[in-house]
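Below you'll find the structure, written out as structure tokens, and then a few comments.
The values are calculated or read from the model by the stated rules, or taken from the named source; none is laboratory data. The structure presented is a predicted model; accordingly, all values stated were derived computationally and were not measured. Cβ sites come from the backbone with ideal geometry, for glycine too, and all protein chains shown count toward neighbours. Only protein heavy atoms, including side chains, enter the accessible area calculation; ligands, DNA and RNA are left aside. Shrake-Rupley method; radii C 1.70, N 1.55, O 1.52, S 1.80 Å.
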There are 2 protein chains.
Amino acid sequence: MKYETGLSVRHACREGVLNHQTAGLAPGFVQGNLAILPGALAEDFERFCQLNPQACPLLGRSEPGSPHIPALGLDLDIRTDLPRYRVWRDGVLVDEPEDVSAFWRDDLVSFVLGCSHSFEEALLEEAVPVRHLEMNVGPAVYLTSIPTVPSGPFSGPMVVSMRPLNPADAIRAVQITSRFPAVHGAPVHLGFPEQIGIADIGKPDYGTQPVEVRAGEFPVFWACGITPQSVIMAAKPELAITHMAGCMLLTDLRNEELATGVAA
Amino acid sequence: MKYETGLSVRHACREGVLNHQTAGLAPGFVQGNLAILPGALAEDFERFCQLNPQACPLLGRSEPGSPHIPALGLDLDIRTDLPRYRVWRDGVLVDEPEDVSAFWRDDLVSFVLGCSHSFEEALLEEAVPVRHLEMNVGPAVYLTSIPTVPSGPFSGPMVVSMRPLNPADAIRAVQITSRFPAVHGAPVHLGFPEQIGIADIGKPDYGTQPVEVRAGEFPVFWACGITPQSVIMAAKPELAITHMAGCMLLTDLRNEELATGVAA
């Protein structure tokens, strides 16, 4: 079955016929990372996003208790519209349901954050190769020594994703992703993993498997949407709900709408 | 004596009171490389610039025989308004005068090309360091294996200038210089000099001395305005007039006018 729009993906999730990864679905539509937190933590988390926009580019948030975020989709119910969720209590994973209605509370606030799917689409459109997509795996993801700016209970190191590129493509990738600040923006580093606390590029901290950096290429690092999940887990809130890795929220926004002026 | 405007520099040159390098003069005003050629070669050279815009970003050209380029300065006489010139016959340097009125002909066409002074100003304004300026020398400049696109008698390898930068500054420099396509634009390479035919980064082909690349830094390479001089010399025109290295034409344009949209 093909999905052409964000709405069609959300409906399929809601009807229980789609419960797998969203990479490649509804091309052109913005996919988002999800974090749902108790109202008592919402202001601190929103501030954390504002202070760390490369790692936590906030696309939208709900009113307390509301499962809707009209700015991201008129027909959108955050409790049912993702393929699969993770439910955490005190930082411990307790469930991986396809619907979180049973966990809903009047004080929950939903945050949707930009993700790298959008800028990877832009890279491919400009003929910059993305090796992990060619390998049909997720990106190699690493914990770094780059600190985030803390807010309330939220703090911890930035998590980054890595894409190997030759110099010409690395320059082009800086230009292209700089145009997308709402989905992590420009790389945070390239070339010297040890400068950002990565001891072994062959051993990612997250991700399914290493992604080879070939001779004459750089590892290029972008801030990753796993950063907010990582700091939320470290803060051990009494309840948190996130998307399951790769199972994003499809919005009605278009990736091209996220592009700022012209970089090149 | 301080020079605040492009016009004041041109007048000082015309009056014979300024005959040295223009780096740092009239901050904010665009400085340009100069190439004056016989009319028979003008179309081929203009086409060469159009085909190689990173190396030869054309800011303006004169009508045949006219020493004026109103688009670059209303009161501008190309024969007298640079500090010092070089005169070439059949590719051989024959004179370094402060005024080229004695060489003027009715068919000569003047080309003014953007130069790196403009983007270096933009880098410094964004706190990206430029080491050769800190050393008070010119940039290290290299012949590469990158071919230019030929036009008529004009062909040959691209010449590049190098600035050493740490990864964060290299990313920022790509963003900043991408906004200035009229003055060489984004880097053409970074990181692996051997990929572009540079065997020894410690031995520049042009420039006063090497510029150190320290541990944890990349050499970052931009197309250089010496490229057109190099291909003109190789074409051995019966007459050519250029600026002397570092002795640029000051225009009435502002560097900030050359910036395109917002890269970051």
Point to revise | Distant-in-sequence amide H partners of B:F29 (H built 1.01 Å from N, under 5 Å) | key: B:N255
Practice item. Amide H neighbours of A:T144 under 5 Å, at least 5 residues apart or on other chains, H built in the peptide plane: list them. Key: A:M158, A:V160
Exercise for review: Please list the equivalent ellipsoid semi-axes of the protein assembly as shown, computed as the square roots of five times the alpha-carbon gyration tensor eigenvalues, in descending order and whole angstrom.
Suggested key: 55, 22, 21
Review point. When you count, for each residue, the other Cβ atoms within 10 Å and take the mean per peptide, how do A:38-51, B:157-170, A:192-205 rank with the highest first?
Key: B:157-170, A:38-51, A:192-205
Practice item. May I ask for the Rg/Rh ratio of region A:96-228, computed from Cα atoms with Rh as the Kirkwood radius, given to two decimals? Key: 1.01
Exercise for review: Work out how much length B:L51 to B:R254 would gain on full extension: take 0.36 nm times their residue separation and subtract the Cα-Cα distance, in nm to one decimal.
Suggested key: 70.6 nm
Revision key, fill the gap. Residue by residue through region A:23-28, the couplings from Karplus 6.51 cos²θ - 1.76 cosθ + 1.60 with θ = phi - 60°, in Hz, x for Gly and Pro, are 3, x, 7, 6, x, x
Exercise for review: Please give the residues from region B:218-264 for which the solvent-accessible area of heavy atoms, probe 1.4 Å, is smaller by at least 10 Å² with all protein chains in place than with the chain isolated.
Suggested key: B:F218, B:T260, B:G261, B:V262, B:A263
Study note, to complete from the structure: Phi-derived 3J(HN,Hα) across region A:142-150 with the Karplus relation (6.51, -1.76, 1.60, θ = phi - 60°), rounded Hz, x for Gly and Pro, is 9, 6, 10, 9, 7, x, 8, 8, x
Revision key, fill the gap. Note on region A:1-130: alpha-carbon gyration tensor, axes a ≥ b ≥ c; rule is a/c under 1.5 for rounded, else prolate if a/b larger than b/c, else oblate; result oblate
Review point. Considering only protein heavy atoms, what is the solvent-accessible area of A:W88 at a probe of 1.4 Å, reported in Å² to the nearest 10?
Key: 30
Practice item. Indicate the gyration tensor shape class of region B:139-198 (rounded, prolate or oblate), computed on the Cα atoms with a ≥ b ≥ c the square roots of the eigenvalues: a/c under 1.5 is rounded; otherwise a/b larger than b/c is prolate and the rest oblate. Key: oblate
Review point. How large is the charge dipole for region B:204-264, taken about the Cα centre, if only the Cβ atoms of Lys, Arg (+1) and Asp, Glu (-1) carry charge, to the nearest 20 debye?
Key: 120
Study note, to complete from the structure: Copies of B:S155 compared via label points 7 Å along Cα→Cβ give distances in nm, shortest first, of 6.4
Study note, to complete from the structure: Carbon/sulfur accessible area of region A:18-176, % of total, 1.4 Å probe, equals 53
Study note, to complete from the structure: In degrees rounded to 10, the 0-90 angle between helix B:167-178 Cα long axis and the longest Cα principal axis of chain B is 30
Review point. Counting only residues 5 or more places away or on other chains, whose amide H sits under 5 Å from the amide H of A:G225 once H atoms are built in the peptide plane?
Key: A:S116
Check your understanding: In whole Å, what is the distance between the alpha-carbon centres of region B:1-62 and region A:207-264?
Key -> 46
Exercise for review: Tell me, for chain A, which Cys residues have no other cysteine's C-beta sitting closer than 4.7 Å.
Suggested key: A:C13, A:C115, A:C224, A:C247
Review point. What are the residues of region A:186-206 that lose 30 Å² or more of accessible area, with a 1.4 Å probe, going from their chain alone to all protein chains?
Key: A:L190, A:F192, A:Q195
Review point. Looking only at B:R105, B:R14, B:R86, which one moves most when chain B is put into a Gaussian network model with springs between Cα atoms under 10 Å?
Key: B:R105
Revision key, fill the gap. Expressed as a whole number, the average count of other chain Cβ atoms within 10 Å around the Cβ atoms of A:162-169 is 3
Review point. Counting only protein heavy atoms and rolling a 1.4 Å probe, how much accessible area do B and A lose on contact, total for both sides, in Å² to 100?
Key: 1600
Review point. In sequence order, what are the phi-derived ³J(HN,Hα) couplings for region B:190-196 according to the Karplus relation 6.51 cos²θ - 1.76 cosθ + 1.60 with θ = phi - 60°, rounded to whole Hz, with x for glycine and proline?
Key: 8, x, 10, x, 5, 5, 10
Exercise for review: Note down the net charge around A:S101, summing +1 for each Lys or Arg and -1 for each Asp or Glu among other residues with Cβ under 10 Å from its Cβ.
Suggested key: -1
Practice item. Every other copy gets compared here: list the nm distances from the B:V92 label point (7 Å along Cα to Cβ) to its counterparts, shortest first, one decimal. Key: 9.0
Check your understanding: Measuring label to label, 7 Å along Cα→Cβ, what does B:G216 give against each other copy in nm, shortest first?
Key -> 3.0
Review point. With charges set only on the Cβ (+1 for Lys and Arg, -1 for Asp and Glu), what does the dipole of the protein assembly as shown come to about its Cα centre, in debye to the nearest 20?
Key: 520
Review point. Going from the alpha-carbon gyration tensor of region A:210-260, what semi-axes, largest first and in whole Å, does one get by taking the root of 5 times each eigenvalue?
Key: 27, 21, 11
Practice item. Evaluate the Kirkwood expression for the hydrodynamic radius of chain B, namely the inverse of the mean inverse distance over all pairs of different C-alpha atoms, and round to one decimal in Å. Key: 18.5
Review point. Roughly how many debye, to the nearest 20, is the charge dipole of region A:149-233 about its Cα centre, given +1 on each Lys and Arg Cβ, -1 on each Asp and Glu Cβ, and no other charges?
Key: 240
Check your understanding: With the other protein chains left in place, how much accessible area per residue, in square angstrom, belongs to region B:84-171 at a 1.4 angstrom probe?
Key -> 39
